[in-house]
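Written below as structure tokens is the structure these notes are about.
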Amino acid sequence: MILNRENLALITLAVFIAGCGGGGSNNAGSNPPVIPPAPPTLGTGPQVCSGGNAGDFSCRGISLRQRVSLESMGGTAGNDIWGWLDTTSGREYALMGMTNGTAFVDITDPENPVFLGRLPTQTVSSSWRDIKVFQDHAYIVADGAGAHGMQVFDLTRLRGLTAPQTFSADILYSDFGNAHNIAINEDTGFAFAVGTNTCGGGLHMIDISTPNNPLFAGCYAAADTHDTQCVSYLGPDADHANSEICVSSDEDHVEIVDVTDKFAPVSISVATYPQTGFVHQGWLTEDQRFFLLGDELDESNFGVPTRTHVFDVTNLDAPTYVFAYEAATTSIDHNLYVLGNRVFQANYTSGLHVLEFGDLANRELQEIAFFDTFPDSNAASFDGAWSVYPYFPSGTIIVSDISNGLFVLSMP
């Protein structure tokens, strides 16, 4: 989400909830304090999607397993979300960002999620928090929260908990203060913080190959990188085989950067498209031939329906714009992720939408399912579904909603 620009609605929200965050510690306590048990989960789950509804929520092809309220997680407004699979136990966990910290919820039994506790914000409350996971550790950044830095939290501390706790970070990486988002290439063990007060707002690269000892690795200065995806390149462009690349959403353009050499990253190409509002976030298809993008302001600036922009990146040096898929809704799109031939989109007031694609070069993209986490409105406004995580082996899908908390969902 945009900071200090068009998103006046969320800035107002941030002011309203300021003061609800607590300070975090740099050191993990062996016996963190126990916080009072959470109140009962507020929700209407489980509800099978039938006749266009799952309880109070409209839907198609997606059922509600349970909803976990913000109140029961000790928060007042939600933001980012990610997931963790404990490969030792097989248990699945939701890591949900809130204005005052990060909540940890065991969702192994999706109809009976268990709130395990919260890691408070390192400094002050923030409407913008971002979370990624590498080798059983969570890496958490925040924007608009002063000298927040990057919290590192050992997720194995969640094992065996029987009562919710207030945690402290294991490590604090403080080579930057604010960061808007963070990406991790799990193949190489590097994290990429963007929108920081360093590296010209571009890629702040961190070696996390030793998860609890993050080390600065290099910079790529760009004008206000908003989000990025960084991968080990295995796509069709032989000129860049075995490189590490980042595909970045830089507010008014998309940029592809070779970051193989962290001390000498190189820009490969820049791409734009018609009716650019705010180049927000996107994701590569698994074959790395196409890049799907969400623009956070084209709906409100140009009066267009919810759009998904598609680029052909078969040639990394000369990406081409293919088309914009237009949905039946008018809500603003926010974060999207690709799994197989499906695109999972958190589209603010219209909730989760799932698209399925065939040959994208021939514009084969259609919606197959949705779940509206925010039944109050479908307007082009900044409320509702912030993000989605579809990568659990069980098939469980989790969605974070700014006002309505954590949704645990499933598709047939």
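The values are calculated or read from the model by the stated rules, or taken from the named source; none is laboratory data. This is a predicted model, so every value here is computed, not measured. Cβ: placed from backbone, ideal geometry, glycine included. Neighbour counts: every protein chain shown.
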Inset, instruction - Have a look at S403, S387, S394 and point out the one that is among the polar types (S, T, N, Q), under 19 Å from the mean Cα position of the chain (by Cα) and surrounded by fewer than 21 Cβ atoms within 10 Å (Cβ to Cβ). - result: S403
Inset, instruction - Could you check, for region 109-117, whether at least one of its residues is under 17 Å from N212 (Cβ atoms), in a strand (DSSP E or B) and touching a residue at least 12 places away in the same chain (Cβ under 8 Å)? - result: no
Inset, instruction - Specify the residue that is nearest to the chain's Cα centre (by Cα); the eligible residues are those in region 118-135 that are assigned to a loop (DSSP other than H, G, I, E, B) and crowded, with 24+ Cβ neighbours inside 10 Å. - result: S127
Inset, instruction - Could you grab the pairs with beta carbons closer than 6 Å, sequence gap of 6+ or different chains, first residue in region 352-364 and part of a helix (DSSP H, G or I), second one of a type in the set (A, V, I, L, M) and surrounded by 14 or more Cβ atoms within 10 Å (Cβ to Cβ)? - result: L360/V310
Inset, instruction - Please indicate, with yes or no, whether at least one residue in region 347-359 is of a type outside the set (K, R), under 16 Å from H280 (Cα atoms), at pLDDT 95 or above and surrounded by 16 or more Cβ atoms within 10 Å (Cβ to Cβ). - result: yes
Inset, instruction - Taking Q165 as the residue in question, decide whether it is among the polar types (S, T, N, Q) and closer than 24 Å to G200 by Cβ. - result: no
Legend entry - Criterion: at pLDDT below 50, part of a helix (DSSP H, G or I) and buried (at least 18 other Cβ atoms within 10 Å of the Cβ) - qualifying residue of L13, L3: L13
Inset, instruction - Take region 228-246 and flag every residue that is touching a residue at least 60 places away in the same chain (Cβ under 8 Å) and within 21 Å of D143 (Cβ to Cβ). - result: C246
Inset, instruction - Count, please, the residues in region 200-210 that happen to be surrounded by fewer than 19 Cβ atoms within 10 Å (Cβ to Cβ) and in a loop (DSSP other than H, G, I, E, B). - result: 2
Legend entry - Filtered residues of region 301-320 (kept if of a type in the set (V, I, T), outside any loop (DSSP other than H, G, I, E, B) and under 24 Å from the mean Cα position of the chain (by Cα)): T308, V310
Inset, instruction - Return the total of residues in region 211-249 being within 23 Å of the chain's Cα centre (by Cα) and in a loop (DSSP other than H, G, I, E, B). - result: 10
Inset, instruction - Collect the residues in region 321-336 that are assigned to a loop (DSSP other than H, G, I, E, B) and either of a type in the set (A, V, I, L, M, F, W, C) or within 12 Å of L293 (Cα to Cα) (or both), keeping them in residue-number order. - result: A327, A328, I332, D333, H334
Inset, instruction - Report yes if some residue within region 271-278 is in contact with a strand residue (DSSP E or B) (Cβ under 8 Å, 6 or more places away or on another chain) and assigned to a strand (DSSP E or B); otherwise report no. - result: yes
Legend entry - Lone qualifier among A142, A147, A138 - being part of a loop (DSSP other than H, G, I, E, B) and in contact (Cβ under 8 Å) with a residue 24 or more places away in the chain: A147
Inset, instruction - Could you please give the count of residues in region 18-76 that are of a type in the set (S, T, N, Q), assigned to a loop (DSSP other than H, G, I, E, B), over 22 Å from the mean Cα position of the chain (by Cα) and modelled with pLDDT of 95 or more? - result: 0
Inset, instruction - Could you tell me whether T320 is in contact with a strand residue (DSSP E or B) (Cβ under 8 Å, 6 or more places away or on another chain) and either surrounded by 19 or more Cβ atoms within 10 Å (Cβ to Cβ) or in contact (Cβ under 8 Å) with a residue 60 or more places away in the chain (or both)? - result: no
Inset, instruction - Take S377 and decide whether it is part of a loop (DSSP other than H, G, I, E, B), small (G, A, S) and within 26 Å of I131 (Cβ to Cβ). - result: no
